[in-house]
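A short worksheet on the structure shown next.
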Amino acid sequence: MKTIFITGGAGFIGSHVVRRFVNNYPDYQIVVIDCLTYAGNLENLKDVDSKPNYKFEKVDITDEKAVNDVFARYQPDGVIHLAAESHVDRSITDPFAFIRTNVMGTCNLLQAARTLWNGNWEGKRFYHISTDEVYGALSKTDPMFTETTRYAPHSPYSASKASSDHFVRAFHDTYGMPTVISNCSNNYGSHHFPEKLIPLAINNIQHNRPIPIYGKGENVRDWLFVDDHAAAIDLIFHKGKIGDTYNIGGNNEKTNIELIRTLCRLMDKKLGREQGTSEKLITFVTDRAGHDLRYAIDSSKLQRELGWQPSVTFEQGLEKTVDWYLANQDWLDNVTSGAYQQYYDKMYTNR
Ligand code: NAD
Ligand code: TYD
């Protein structure tokens, strides 16, 4: 039996990766390493948390001793590292939280894995999940980011992720650690914390609250359905070439305003409201500082070398997402009320 750590497994993307691995690999022991920040929600994992191959460890990756302890206890064969501070707006307010978790936390994990594996790399793998934001911003006409695009991060978030990517490569190049990195575009789907654009807009539309659009809404993001990201992670973890980087993206470039208008029409249809009702909630607000104009990612290497393909179109993925939020009002209510933060105590401390 292999033991795999999935850090950040209680977050948005991490929970989809955990669900996939727990269900598809019964002979792996999956250990979620997560300290449950505001973004960590164990309700995301309630459909798998009674499975015999699932374990949860509340560990803060910035705590070097706790990280070393958990590595010594479980002796993992692999690490899929998703734990991070992930919201650009929060990084503008508090950059040091991002440096602590994304840079120092990643280095603690790398160092603990190096100590445990001690040069015996056979069957071992450290997989670091990163973002396309490390490549900086494109103009409207620039070609897409490829794996060889020069790093040029702008926000404290993307600078901290770029730094962590460099440390992962440094551990491969210096010590021979079997690492792999992927850089993915914006994800959307179920269990997405409602501070990010799509779930925030869904929540606000339901409650007839304004939908804040930064600047003129002309910024472009390249959207990928989260289950397709989880499938790519599975493939890269098992088949990716050691020391390599893979870009992951859905080839779905949309301006924010175009995306929100599409979402408004869909929400009107689903809520049985007259077409045009939700669009009236769109409110242009002060732009984000240093707001990157455009991200677009070329994932042809992943498609060519490992045979990955997205399984849904943007329209299908968006409809699945809206349907999930409308069917899971409790999840959203628990997040917005803060009740989700009691789940750990209920599950693990009998309080
Ligand atoms: P998220 O914010 O939803 O979840 C992050 C998880 O990490 C949470 O469960 C949180 O509790 C945990 N965490 C944070 N700090 C921690 C610490 N110090 N110790 C232990 N656990 C900690 O993030 P997400 O959107 O699921 O992103 C996951 C990863 O994917 C991140 O590394 C992010 O950079 C990357 N990524 C995200 C996107 C996207 O669109 N969301 C796109 C590309 C890459
Ligand atoms: P976000 O979901 O925060 O992801 P990222 O900053 O990592 O791309 O934002 C997606 C886009 O939506 C980005 O261009 C910023 C914009 N945005 C808004 O216009 N309004 C909002 O309230 C938020 C949260 C984001």
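The values are calculated or read from the model by the stated rules, or taken from the named source; none is laboratory data. Remember, it's a predicted structure, so these values are computed and weren't measured experimentally. Counting neighbours? That spans all protein chains shown, and the Cβs are built from the backbone with ideal geometry, glycine included. Accessible surface is based on the protein model in full, side chains and every heavy atom, while ligands, DNA and RNA are left aside. Shrake-Rupley method; radii C 1.70, N 1.55, O 1.52, S 1.80 Å.
Which residues, taken from segment 293-328, are farther than 30 Å from ASP142 by Cα and either modelled with pLDDT under 95 or among the small types (Gly, Ala, Ser) (or both)?
ALA327
Please specify each residue of segment 301-351 satisfying the condition of being in contact with a helix residue (DSSP H, G or I) (Cβ under 9 Å, 6 or more places away or on another chain), assigned to a loop (DSSP other than H, G, I, E, B) and surrounded by fewer than 16 Cβ atoms within 10 Å (Cβ to Cβ).
If the condition is that a residue be in contact with a helix residue (DSSP H, G or I) (Cβ under 9 Å, 6 or more places away or on another chain), assigned to a loop (DSSP other than H, G, I, E, B) and surrounded by fewer than 16 Cβ atoms within 10 Å (Cβ to Cβ), then GLY307, GLN309, SER311, ARG351 are the ones that fit.
Tell me which residues, restricted to segment 194-222, are of a type in the set (A, V, I, L, M, F, W, C) and either away from ligand 1 (no atom under 14 Å from the Cβ) or surrounded by 18 or more Cβ atoms within 10 Å (Cβ to Cβ) (or both).
LEU197, ILE198, ALA201, ILE202, ILE205, ILE211, ILE213, VAL220
Could you check ALA159 against (1) surrounded by 24 or more Cβ atoms within 10 Å (Cβ to Cβ); (2) among the small types (Gly, Ala, Ser); (3) farther than 30 Å from LYS2 by Cα and say which number it fails?
(1)
Among helices (runs of 4 or more DSSP H) lying entirely in segment 38-149, which contain 2 or more residues that are within 16 Å of ligand 2 (Cβ to nearest atom) and in contact with a helix residue (DSSP H, G or I) (Cβ under 9 Å, 6 or more places away or on another chain)?
88-93, 95-98
Take segment 98-154 and flag every residue that is open to solvent by 50 Å² or more (accessible area, probe 1.4 Å), out of contact with any Ser or Thr (no Cβ under 6 Å at 6 or more places or on another chain), among the basic types (Lys, Arg) and free of Cβ contacts under 8 Å to residues at least 60 places away in the same chain.
Matches in segment 98-154: ARG150 only.
Tell me yes or no: at least one residue of segment 197-215 is of a type in the set (Gly, Ala, Ser), in contact with a strand residue (DSSP E or B) (Cβ under 9 Å, 6 or more places away or on another chain) and within 16 Å of ligand 2 (Cβ to nearest atom).
Within segment 197-215, one or more residues are of a type in the set (Gly, Ala, Ser), in contact with a strand residue (DSSP E or B) (Cβ under 9 Å, 6 or more places away or on another chain) and within 16 Å of ligand 2 (Cβ to nearest atom).
Looking at ILE242, ILE257, ILE236, which one is crowded, with 24+ Cβ neighbours inside 10 Å and more than 11 Å from ligand 1 (Cβ to nearest atom)?
Checking each option against the conditions leaves just ILE236.
For (1) among the basic types (Lys, Arg); (2) near ligand 1 (Cβ under 9 Å from one of its atoms); (3) farther than 17 Å from VAL168 by Cβ, each residue gets a yes or a no:
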{"position": "THR37", "(1), (2), (3)": "no, yes, yes"}
{"position": "LEU45", "(1), (2), (3)": "no, no, yes"}
{"position": "VAL59", "(1), (2), (3)": "no, yes, yes"}
{"position": "ALA72", "(1), (2), (3)": "no, no, yes"}
{"position": "GLN111", "(1), (2), (3)": "no, no, no"}
{"position": "GLY119", "(1), (2), (3)": "no, no, yes"}
{"position": "GLU122", "(1), (2), (3)": "no, no, yes"}
{"position": "VAL134", "(1), (2), (3)": "no, no, no"}
